[in-house]
1. By how many degrees, 0 to 90 and rounded to 10, does the Cα axis of helix B:152-169 deviate from the longest principal axis of chain B?
2. Which ³J(HN,Hα) values in Hz, rounded to whole numbers, follow from the phi angles of segment A:175-185 under the Karplus curve 6.51 cos²θ - 1.76 cosθ + 1.60, where θ = phi - 60° and Gly and Pro get x?
3. Quick one: which residues, 5 or more positions from A:D247 or on another chain, have an amide H under 5 Å from its amide H? H modelled 1.01 Å from N in the peptide plane, none for Pro or chain starts.
4. Which percentage, to the nearest 5, of the DSSP beta bridges contained in segment A:4-209 is antiparallel?
5. When only C-alpha pairs under 8 Å and at least 6 residues apart count, what is the relative contact order of chain A, in percent?
6. May I ask you to evaluate 6.51 cos²θ - 1.76 cosθ + 1.60, the Karplus curve with θ = phi - 60°, for each residue of segment A:227-244 and list the ³J(HN,Hα) values in order in whole Hz, giving x for glycine and proline?
7. Efficiency by 1/(1 + (r/R0)^6): what FRET value for A:A239 and A:H282, r their Cβ-Cβ distance, R0 = 25 Å, to the nearest 0.05?
8. Taking the Cα centre as origin and putting +1 on Lys and Arg beta-carbons and -1 on Asp and Glu beta-carbons, what dipole magnitude results for chain A, to the nearest 20 debye?
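Laboratory data are not the source of any read-out in this text; all were calculated from the coordinates shown. Keep in mind that this is a model prediction, so the values were computed, not measured. In this analysis, Cβ positions are derived from the backbone assuming ideal geometry, glycine residues included, and neighbour counts consider all displayed protein chains.
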Amino acid sequence: MNDLVIRTRALRKSYDGALALRGIDLAVPRGSICGFLGRNGAGKTTTVKLLLNLLRPDAGNIFLFGELVDTEASAVAARRRIGFVSEEKQLYPYMTVGQTIRFIRPFFPGWRRDLEAKYLEVFQLPESKPVPKLSKGMRTQLMLLLALSRGAELLILDEPTDGLDPAVTEEVLQALVGLAAAEGTTIFFSSHHLAEVEQIADRVCLIDRGQLVIEGALDDLKTEYRRILLVFSGEAPAAVASLVGVDHVRTRGRTASLLAHGDIDATLDRARQLRPESVEVHPVTLKELFLDHVKEA
Amino acid sequence: MLLWKAWMETRWRLVFLVACFALLWVEGPLVGVPMAKLRAAFILQYATVWGFAATMLAGAGLNSQTTWGMGAGYHGSMLFTLSLPVARRKLFAVRALTGAAETCALIIASALPLVFFAGLGWAKGSLYVAGACVCSMAAYAVSALFACVTGEMWQLYGSWGAIGLLGLSLRYPPLARFNPLRGFSLSAYAAAAQFPWRDAWIGSALLAALCCFAAVKILDRKEY
């Protein structure tokens, strides 16, 4: 458990009786870049807030850096090692960029002046500029600077690139990858931009309707999952839906598209017993995995 | 640094209030109204004015950061503050103590001329100023409590409503005895042979303590 920076066990949360999280078991290893995927309202922000102790779970446990976080004191200790960028990216409107940095610095004994100077230059943030006069992209960059410079072991980013133009998005993603590579920082970021996740993440967690539906290393998932296309002479038989090893099935007329995982050869053997006219096997993209798992009612 | 942040959040409110109080002592008419009339109005209503000042300075807390936002679900910079490695109680304590100190400073500065004009003398005068500070803490604490649960506007409406209720409760003798508003009465201090409003002090201190206790309990449990 000690090499897991984030670990949750059977995490549940409801709002006014409506279940937002239905027993989440997350495991994020140290040094990984973990993309936390899901549709709007799937439970991403709720999970992030629970990790930061902004919300309290109805049931279940949260372990950060191997320590149980169940009190205000343990949450404060954990937050000392965490950098956070919220979805809204709002800072204090009565401060300038420089004042904001000087305000945050003393809270973090491991503050990295070198990283502060580096990202001030990379992001071209003018220290004298008041926060309200920053564009959304610049605000995001300032928040990232504050998160990156504090020497955090874990970055929790809630939709970090939301609302940014492609150029700024690329700068932000490169900064994250650079930090993970140079400092070994663990990055846990929620997003619904699949291309970004595929670009920088080495691990993904997919949440849907408050449940974790996929979790694992991105490469392993891509190896483990295959798209099997079956074309039949007549209507696709209903039996395809109950094939062992098949996660999801979409049928349209004579064609059945299966998302299979595990022992693909064994699944193919079973599919061939249904006597399709043709069988094709394709690798899957993250987008396909996402769509197949969240489309089901 | 939290102290500096609290100062940054409240300084314009304080400047505004200081300017309002300072204007009372300017000679000559203000927008056509003779200053003597304004001063007389203030002297009649200084308890209410101080109460309002206290409620204004109790704002600008954690929840007020959500006020001028983009609609429901907007958190402003509150989430950023809460993600700092600082306990919620500490955030509240620093903010509350800063505003309380500003309120007391404002009341002391504006009460001294009243004491002087009333010819209260040093002993009674200083007692009166101390009493005004203690009693204003009741209004301040009520407002600080509202600031823990609502945004800026409702915090003001709620605390003004609470001050209004305190005013109404003056009509009911059993409640009036401990009413913080009685502790502001300059004429009572001037007329009394000895310390007149001990019960109002006790009532104010109890109300302030109760509100602070409730605010801390709410903060401990509140979900953001």
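1. With rounding to tens, the tilt is 40 degrees.
2. 4, 5, 4, x, 5, 4, 6, 7, 10, x, 6
3. For A:D247, the qualifying residues are A:L259, A:A260, A:H261.
4. On the way: 16 of 34 bridges.
Around 45 percent antiparallel, to the nearest 5.
5. Dividing the mean separation by the residue count of chain A yields 20 percent.
6. 9, 10, 9, 10, 10, 9, 6, x, 4, 4, x, 5, 5, 4, 5, 9, 5, 5
7. Values: r = 22 Å, r/R0 = 0.86.
For A:A239 and A:H282, the calculated efficiency is 0.70.
8. On the way: 37 positive and 39 negative charges, 148 e Å.
The dipole of chain A has a size of about 700 debye.
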